[in-house]
Amino acid sequence: MLSEDSLRTIQSGSEADLTKVLEAFNSENAQTFSFPNVTTDFKQNCVQTITGRLKGALSSKCQILCLQALRIYSREKERMEVLTSDDTLELLVKLSGLQYYAEEEGEGVTIQDGDQDVMVESQKCLCNLIFNSIVAQRYCSEKGCIVGLVQRLKTYGDPDLNYEIKFFDMRMLFLLTALPTCIQTRPKIRYELHGFTYLMEVLDLTLRAAEEKRTGLGDQDVDLCSEILKILFNLTVAVEKKSADEEEEAHFMRLVSVLRDLLMCTTISKDKQEELHSHTVNLLINIPVDFYEELLTPLNESDVRGVENKDVEYDGKNMEAIIVLIEFLSKRLDRPSKSLKESLTPILHCLCEACRHNRSIRKFCRTKILPPLREEVKRLPEEGDSLRNRLCKQLTSPVTEVKDLVAHFMFVLCKENVNRMVKYTGYGNCAGLLAQFGLLKLDQGNPKGDYSSDSEDTDTEEYSELKDQINPVTGRWEESKPDPMEGMSEEQKEHEAMKLVDAMDKLHRQGLIQPSRIGPDGRPEPVSHILELAESGGATAAKETDSD
């Protein structure tokens, strides 16, 4: 740790002595994240001494060592006030090359140049301070740092600009658009500073550079694109999905076109490709649904690149991007995840909205996910390795958000047709969705999506032969079974029926089931006694409760 003697050396010692002291401190505390044994006054004295020396004439090496020491101190979430004075923040913004100067005549900014390694170390300090301190967030939002960040986007085509400067610029911009204190910066960046346009241009520039090299996006390229996609997500998170002016429409059309290119591009690392697809899917969720059409291109204007399945044409359009999204869903279904919700809900939501509002996408997805049933009807819908089977497994997932989104997605693929949904999933698997929508009467409901009137429902010969023996509850073909009441007298049948009623009534009184009947709104409504089910014509349904 620094001592009083060390502080005197930092304050007035030679560069050689300064280097020796700071190298020892930085090495000793490389993995230190708090200083419980250091008083607030002493920590403040350390910070002031280091920043005081930084203001003087130092070599780049000494500047970097000073900034590394400040970065170590900035990791501690407590006592941030010792690092967030206007004087310290102004110095860090200046050393980051982000200081904003308004020109007296006309509009413009001058961004200070400097040693790029020094700039990177200063950016790292600012990232920590912005993350941990509301004071730093407000300062960087209000004192020109935001302007400097957006203006520097214009220089990203310069091959001499260090990648790390770009990355930490974007990390700072992400924090300044994500943290609750900085919400007001979103419209400023998007509209006043035109950051939306500049960020898209950087994505496009990165993609074009990779195409020219013909090597695919490198890991650094993916990391930079991912940060930009996260910023664009923040800038579009509150966008009105239904209306947009002409300028916004042009922006969204351009953005979705760029997102399509990101879905189609290759990356050197396969893991990085999935990361890129994940951020792309997250951003697509924020896009107004009218612009999903931009994911498709006329086949004759597009080059089919690297897709194993060359059958990408549907309705005269190129479905490569949709194939990528379906494959992304398939990978997420295959891979066990600690957080099923975070893993599956974005792609399910994205595909659900795309299919609900774009006829071509829905029809194509249906051919891939719900193809005509054949011999597989002899198995339960959730048994097997097809996409349909794996989605049906999630219909009984304990994660409510996943279960509901899968049900909604498959319902949309069925054009919100109840009978078709039961056909592909079994009544037992989709009963929760039908109850939620008030569709337990098996009527057609009121579809909310943009669906055509044609049925698209052609049964295969195999399905038609087995259709009459399919159990609608399980969704599986079952061999005919003998009637258990065959040969019984009417009195015996009535006796067996009353035994069943008594058993159900006992379970009801024990709180294990809640007998219900289907009400006028198509939703289950509880009954007070089991005999009420007989009075309503035998339309019975038992709703289970948690008995564990």
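Being crowded, with 18+ Cβ neighbours inside 10 Å and outside any helix (DSSP H, G or I), is that true of even one residue in the range 386-409? No, the range 386-409 contains no residue that is crowded, with 18+ Cβ neighbours inside 10 Å and outside any helix (DSSP H, G or I).
Considering the range 13-36 alone, what residues qualify as being part of a helix (DSSP H, G or I) and touching a helix residue (DSSP H, G or I) at 6+ places or on another chain (Cβ under 9 Å)? Matches in the range 13-36: GLU15, ASP17, LEU18, THR19, LYS20, VAL21, LEU22, GLU23, ALA24, PHE25, ASN26.
Here the range 309-359 is the region considered, the condition is being of a type in the set (Lys, Arg) and without any contact (Cβ under 8 Å) to a residue 40 or more places away in the chain, and the residue that is nearest to HIS408 (Cα to Cα) is ARG332. You will find that of SER27, SER14, SER34, the residue that is in contact (Cβ under 8 Å) with a residue 40 or more places away in the chain, surrounded by fewer than 18 Cβ atoms within 10 Å (Cβ to Cβ) and more than 16 Å from SER85 (Cα to Cα) is SER34 and no other. Counting only helices (runs of 4 or more DSSP H) wholly contained in the range 275-372, the ones carrying 1 or more residues that are under 18 Å from the mean Cα position of the chain (by Cα), modelled with pLDDT of 95 or more and crowded, with 16+ Cβ neighbours inside 10 Å occupy 320-334, 340-357. Identify, please: which residue in the range 474-492 is at pLDDT 85 or above and not aliphatic (A, V, I, L, M) and is, among those, surrounded by the most Cβ atoms within 10 Å (Cβ to Cβ)? For the range 474-492, the residue satisfying everything is GLN492. Annotation: LEU58 fulfils all but one of (1) within 19 Å of MET119 (Cα to Cα); (2) assigned to a helix (DSSP H, G or I); the unmet one is (2). Scanning the range 462-504 for residues that are touching a residue at least 12 places away in the same chain (Cβ under 8 Å) and touching a helix residue (DSSP H, G or I) at 6+ places or on another chain (Cβ under 8 Å) gives GLU462, TYR463, LEU466, ILE470, PRO472, VAL473, THR474, GLY475, ARG476, TRP477, VAL501.
Tell me, please, whether a residue that is exposed (fewer than 12 other Cβ atoms within 10 Å of the Cβ), assigned to a helix (DSSP H, G or I) and touching a Lys or Arg at 6+ places or on another chain (Cβ under 9 Å) can be found in the range 37-55. There is no residue in the range 37-55 that is exposed (fewer than 12 other Cβ atoms within 10 Å of the Cβ), assigned to a helix (DSSP H, G or I) and touching a Lys or Arg at 6+ places or on another chain (Cβ under 9 Å).
Among the residues making up the range 485-527, those that are under 26 Å from PHE437 (Cα atoms) and of a type in the set (Lys, Arg) are ARG517, ARG523. Determine whether the range 452-460 contains at least one residue that is within 43 Å of the chain's Cα centre (by Cα) and either part of a strand (DSSP E or B) or at pLDDT 70 or above (or both). There is at least one residue in the range 452-460 that is within 43 Å of the chain's Cα centre (by Cα) and either part of a strand (DSSP E or B) or at pLDDT 70 or above (or both). Residue check: GLN151 meets all listed conditions (1) in contact with a strand residue (DSSP E or B) (Cβ under 8 Å, 6 or more places away or on another chain); (2) modelled with pLDDT of 95 or more but one, namely (2).
In the range 256-269, the residues that are in contact (Cβ under 8 Å) with a residue 12 or more places away in the chain reach residues that are hydroxyl-bearing (Ser, Thr, Tyr) and surrounded by fewer than 16 Cβ atoms within 10 Å (Cβ to Cβ) with C-beta atoms within less than 9 angstrom, at least six apart or across chains, in these pairs: THR266/THR215; ILE268/THR215.
Candidates in the range 506-520 are the residues that are touching a residue at least 12 places away in the same chain (Cβ under 8 Å) and loosely packed, with under 15 Cβ neighbours inside 10 Å; of these, the one that is farthest from LEU380 (Cα to Cα) is GLY511.
The values are calculated or read from the model by the stated rules, or taken from the named source; none is laboratory data. Nothing here was measured: the structure is a model prediction, and the numbers come from that model. Glycine also receives a Cβ, built like all others from the backbone with ideal geometry; neighbour counts cover every protein chain displayed.
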